[in-house]
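**Student:** I have a structure here, written as structure tokens, and I will follow up with some questions on it.
The values are calculated or read from the model by the stated rules, or taken from the named source; none is laboratory data. Values in this document were obtained by computation on a predicted structure and should not be read as measured data. Cβ atoms come from the backbone with ideal geometry, glycine included; neighbour counts cover every protein chain shown. Please note that ligands, DNA and RNA were not included when accessible areas were found on the heavy atoms of the full protein model with its side chains. Shrake-Rupley method; radii C 1.70, N 1.55, O 1.52, S 1.80 Å.
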Amino acid sequence: MKINPLNILMIIILLGSCATSGTKVKPIDFSVDMDSPQINIGEVEIQMHLFMEMGDLKKQTADVIYFPDEDAVCVRFKKDYFTYSQFWNRTGRDIFLQALQKYNEDYDEKIINSRDRKSKQKYGVVRGYLNWQQFSYTMRARGNMDIELGYSFKNRTPYFTITQLEAEHIDVISKDNNKLSIAIPIYFTRAQSAELAAMFEQDFLDELVKEDS
């Protein structure tokens, strides 16, 4: 029986697709040197619970800083007497912008659902880098963590959310210094999220570097 070469090629393609389907891409860790050059972008308004996940949301101001050497944007905020420096690389920022666009589309089409238990991760998960410190004289912890992108309802009002998951600090000298950060959801109105999105735009960041040089 004569075998058609085209059929062989199709079988190879199908086998290759079967072998790679369902494969999860491992998130790529990154780090930021806190002593690297920095460009202060400005401030954004964010909302969080003052204590754990109880009570009403409280507004506060977060500083936004660009680290051009690492091409990372830092969102710095305080919670429970700790200062958190939450870093977004370019991949994370791009996914944030896509997630916010999808949320706005779902919001306009009125298809967001307060009963969706997985709403806080509906638009994806990105890899971030975190520095956290309780006081200026105490040890600064650092580690990579995941950030969930989605939405949540509070008092029947929908908010776009980024949920900073736990980061683990591993001390190379003593295990007694190992630390684990807490998970922190951050809530944004549409106007607040648009403000942060503008600071995540790469053209805007590139222009900042030109003006700073």
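**Student:** Can you name the condition, by its number, that Asp171 falls short on among (1) open to solvent by less than 50 Å² (accessible area, probe 1.4 Å); (2) under 22 Å from the mean Cα position of the chain (by Cα)?
**Tutor:** (2)
**Student:** Another one. For region 80-93, how many residues are within 22 Å of Lys179 (Cβ to Cβ), crowded, with 20+ Cβ neighbours inside 10 Å and in contact (Cβ under 8 Å) with a residue 60 or more places away in the chain?
**Tutor:** 3
**Student:** Name the single residue that is surrounded by the fewest Cβ atoms within 10 Å (Cβ to Cβ) among those in region 94-122 being touching a strand residue (DSSP E or B) at 6+ places or on another chain (Cβ under 7 Å) and under 23 Å from Asp203 (Cα atoms). Steps first, please.
**Tutor:** Here is the first cut: in region 94-122, the residues touching a strand residue (DSSP E or B) at 6+ places or on another chain (Cβ under 7 Å) are 95-96, 99-100, 103, 107, 112, 114, 119-122.
Then drop every residue that is not under 23 Å from Asp203 (Cα atoms), which leaves 95-96, 99-100, 103.
Values: Ile95: 18, Phe96: 23, Ala99: 23, Leu100: 21, Tyr103: 24.
This residue is Ile95.
**Student:** Which one is surrounded by the fewest Cβ atoms within 10 Å (Cβ to Cβ), of the residues in region 143-168 that are touching a Gly at 6+ places or on another chain (Cβ under 8 Å) and among the hydroxyl-bearing types (Ser, Thr, Tyr)?
**Tutor:** The selected residue is Thr163.
**Student:** Would you pick out the residues in region 198-213 that are in a helix (DSSP H, G or I) and either of a type in the set (D, E, K, R) or open to solvent by less than 50 Å² (accessible area, probe 1.4 Å) (or both)? Reasoning before the result, please.
**Tutor:** The first filter runs over region 198-213 and keeps only residues in a helix (DSSP H, G or I), leaving 198-200, 202-212.
Selection gives Met199, Phe200, Gln202, Asp203, Leu205, Asp206, Glu207, Leu208, Lys210, Glu211, Asp212.
**Student:** Within region 181-197, can you find the residues that are surrounded by 12 or more Cβ atoms within 10 Å (Cβ to Cβ) and either part of a helix (DSSP H, G or I) or free of Cβ contacts under 8 Å to residues at least 24 places away in the same chain (or both)? Talk me through it step by step, then tell me what you get.
**Tutor:** Of all residues in region 181-197, those surrounded by 12 or more Cβ atoms within 10 Å (Cβ to Cβ) come to 181-190, 192-197.
Ala183, Arg190, Gln192, Ser193, Ala194, Glu195, Leu196, Ala197, listed by residue number.
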